[in-house]
Amino acid sequence: MIRILFAVVVLVLTMPGACLAQSAPSAGDGAVFLVAHPAFRDLDYRQSVLVVTAMPNGGHVGVIVNRPTRRSLTSLFPEHEPSKRVVDPVFYGGPFSRGALVALVRSEATPGEGSVPVMHNLYLSFRANTIDKVIEQMPNDARYYVGYVGWRPGELKGEIDRGLWSVHPASLDAVFRKDTDGLWEELIVQSRRIQAQRPPLPRYASLE
């Protein structure tokens, strides 16, 4: 089996969340996309799109889905033969545990221990032995990330309230699309269109 120098991720965070409203997902809602505000200048998150799900304790976890690296999985693990079958590059998932490999796995059932349900037929896997099995048995039904993003209970709500993120429904097709370069721009345009279509606040006659 592949030996991954792997910080064991303690799953103190998520379970699904989704909505069009500007609010953090709650456990059981389904996943959402978080789209970074154009003024968000942090290099880790600038023009980023994250798929995020909520944990039962009120925290959240996710990965950046539009930041492919120039590295292949086999370049990281050259002696692991199954890694050579992975077509997509490794993605940068976020600044938490940058030395860890995590995987978004398309599967009708949980791929194994240490996997969190994100949405229907999608799991976020943290355990090295589970990711080993995915690479060996279904290498291209997953996307692989170095690092991830996590929030303690209440943190994500505060960031959304401050306007750092807009919230969109997540889709499996968008998570796994081949070219993610234009995803952030598309969702920014979509969110501006939604805002423009909102009805204006009613005007009330003066009471004077």
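Ser72 meets the conditions (1) modelled with pLDDT under 95; (2) surrounded by fewer than 18 Cβ atoms within 10 Å (Cβ to Cβ) in every case but one. The failed one is (1). From the list Val149, Val87, Val118, which residue is touching a residue at least 24 places away in the same chain (Cβ under 8 Å), crowded, with 20+ Cβ neighbours inside 10 Å and under 20 Å from Arg71 (Cβ atoms)? Result: Val149 is the single residue among Val149, Val87, Val118 that is touching a residue at least 24 places away in the same chain (Cβ under 8 Å), crowded, with 20+ Cβ neighbours inside 10 Å and under 20 Å from Arg71 (Cβ atoms). When the criteria are applied in full, Gly158 meets the requirement of being exposed (fewer than 15 other Cβ atoms within 10 Å of the Cβ) and over 16 Å from the mean Cα position of the chain (by Cα).
The values are calculated or read from the model by the stated rules, or taken from the named source; none is laboratory data. Here the structure is a predicted model, which is why all the values come from computation and not from measurement. Here Cβ is always computed from backbone atoms with ideal geometry, including for glycine, and neighbour counts include all displayed protein chains.
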